[in-house]
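The values are calculated or read from the model by the stated rules, or taken from the named source; none is laboratory data. Quick caveat, the model's predicted, so the values are computed rather than measured. Heads up, the Cβs are rebuilt from the backbone with ideal geometry, glycines too, and the neighbour counts pull from every protein chain shown.
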Amino acid sequence: MYPETILPIAAHIPHAGTVVPDAARDQFMPRPEELWREIARVTDWYTDELFGFPGIATTETPISRVVVDLERYTDDSKEEKAAYGQGVIYTHDTRGEQIRRALSAQERRLLLDNYYRPWHLQLELNVEQQLARWGLCLLLDCHSFPDEPFAHEDDHGRPRPDICLGSCDNTPRWLLDSCSDLFQQRGYSVALDFPYSGCLLPARYHRDARVPALMIEINRRLYLKPASRDAYRLGNVPTRLDSFDRLKNDIWSIILRLAQEAECRAKADRAGPAAGGVFVGSCM
Ligand SMILES: [Zn+2]
């Protein structure tokens, strides 16, 4: 059975969740209000809505990244953020304060087995099913980021763009250029691989031309009111700006255009040069 999709897209949205499961709560040292403030700082708020285009395959989770960060290597020695206590299992907050007690090997394994592995299996399944259905899967790694860098980040004093696009070995030039042009045509500033870089995909599709991939990161200044103490009170969520719906519409229309171009180019590739390459260069 294929998923009920109408576009050959798999989107993964790893950082929209805010839940700390009861089973993991005793691992955290701060009081609930303090932990919530940190969750509010690091959550990619509302990205599940911003990228939740109907008819694509999404991989999402309600679990907060402070519990397990799904976009990190499980091996801390490969993960540069582990140096700041923010590897796959956070031990420190964005201000450098310790927020978690030491975990046993079994506690760590349980977290990975319960949250990390199922999420990655779901992502792989979504890609595989999209490939089975469409012969193509445009993979979008979907995030948002704060306008101000965190203490440990190295771009202080350098203005951040509206949109950051991250590339990897699976990112063809056309995908980067088209996505950048489409955002700029709608008035957004775009930077490539700044302030964040790369994009995540299941290892088995590395360099697989059927799986073009791109990371799209949205600056939270475009859709959230500036952080206030109120917004960070326990359970309170940041307030959206009135521009939220317009931004969502822009993202959805761009996603649709990218899917159309990906399909067009895949068709041209299948037709090959013998067919005159009629689609090449005329897909958008
Ligand atoms: Zn993120």
Looking at (1) modelled with pLDDT of 95 or more; (2) under 17 Å from the mean Cα position of the chain (by Cα); (3) away from the ligand (no atom under 16 Å from the Cβ); (4) aromatic (Phe, Trp, Tyr), which is the one condition that is false for Phe53? (1)
Do we find that Asp69 is surrounded by fewer than 18 Cβ atoms within 10 Å (Cβ to Cβ), at pLDDT 95 or above and within 16 Å of Ala24 (Cβ to Cβ) in this structure? no
Residue check, Thr74 within 23 Å of Glu217 (Cα to Cα) and within 16 Å of the ligand (Cβ to nearest atom): no
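Do we find a residue being in a loop (DSSP other than H, G, I, E, B), within 14 Å of the ligand (Cβ to nearest atom) and either at positive phi or surrounded by 15 or more Cβ atoms within 10 Å (Cβ to Cβ) (or both) anywhere in region 28-43? Reasoning before the result, please.
Looking only at region 28-43, we keep the residues that are in a loop (DSSP other than H, G, I, E, B), and these are 29-31, 43.
Remaining after also requiring within 14 Å of the ligand (Cβ to nearest atom): 43.
With either at positive phi or surrounded by 15 or more Cβ atoms within 10 Å (Cβ to Cβ) (or both) added as a condition, the list becomes 43.
Yes, because at least one residue in region 28-43 is in a loop (DSSP other than H, G, I, E, B), within 14 Å of the ligand (Cβ to nearest atom) and either at positive phi or surrounded by 15 or more Cβ atoms within 10 Å (Cβ to Cβ) (or both).
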Scan region 218-255 residue by residue and report those that are within 16 Å of the ligand (Cβ to nearest atom) and touching a helix residue (DSSP H, G or I) at 6+ places or on another chain (Cβ under 7 Å). Ile218, Leu222, Tyr223, Pro238, Ile251
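So if I check each of Asp250, Asp230, which one is free of Cβ contacts under 8 Å to residues at least 12 places away in the same chain and either of a type in the set (Asp, Glu) or surrounded by 16 or more Cβ atoms within 10 Å (Cβ to Cβ) (or both)?
Working: Asp250 fails: free of Cβ contacts under 8 Å to residues at least 12 places away in the same chain.
Only one candidate passes the filter, namely Asp230.
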Ala259: passes all of (1) farther than 30 Å from Trp36 by Cβ; (2) at pLDDT below 95; (3) in contact with a strand residue (DSSP E or B) (Cβ under 9 Å, 6 or more places away or on another chain); (4) among the small types (Gly, Ala, Ser) but (2)
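Helices (runs of 4 or more DSSP H) wholly in region 90-194 with at least 2 residues that are in contact (Cβ under 8 Å) with a residue 60 or more places away in the chain and within 16 Å of the ligand (Cβ to nearest atom) - which ones?
Numbers: elements: 105-111, 117-134, 173-185.
Ranges flagged: 117-134.
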For Ser64: the one exception among (1) within 16 Å of the ligand (Cβ to nearest atom); (2) within 30 Å of Glu263 (Cβ to Cβ); (3) small (Gly, Ala, Ser): (2)
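Every residue in region 195-217 that is within 16 Å of the ligand (Cβ to nearest atom) and closer than 21 Å to Val127 by Cα, please. It would help to see each step written out before you state the result.
Within region 195-217, the subset within 16 Å of the ligand (Cβ to nearest atom) is 195-201, 213-217.
Answer for region 195-217, where residues must be within 16 Å of the ligand (Cβ to nearest atom) and closer than 21 Å to Val127 by Cα: Gly198, Cys199, Leu200, Leu201, Ala213, Leu214, Met215, Ile216, Glu217.
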What's the total number of residues in region 44-87 that are on the phi < 0 side of the Ramachandran plot, in a loop (DSSP other than H, G, I, E, B) and not β-branched (Val, Ile, Thr)? 18
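Would it be correct to say that Ala83 is surrounded by 15 or more Cβ atoms within 10 Å (Cβ to Cβ) and either modelled with pLDDT under 95 or within 16 Å of the ligand (Cβ to nearest atom) (or both)?
no
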Of all residues in region 10-27, how many are within 11 Å of the ligand (Cβ to nearest atom), in a loop (DSSP other than H, G, I, E, B) and touching a residue at least 60 places away in the same chain (Cβ under 8 Å)? 2
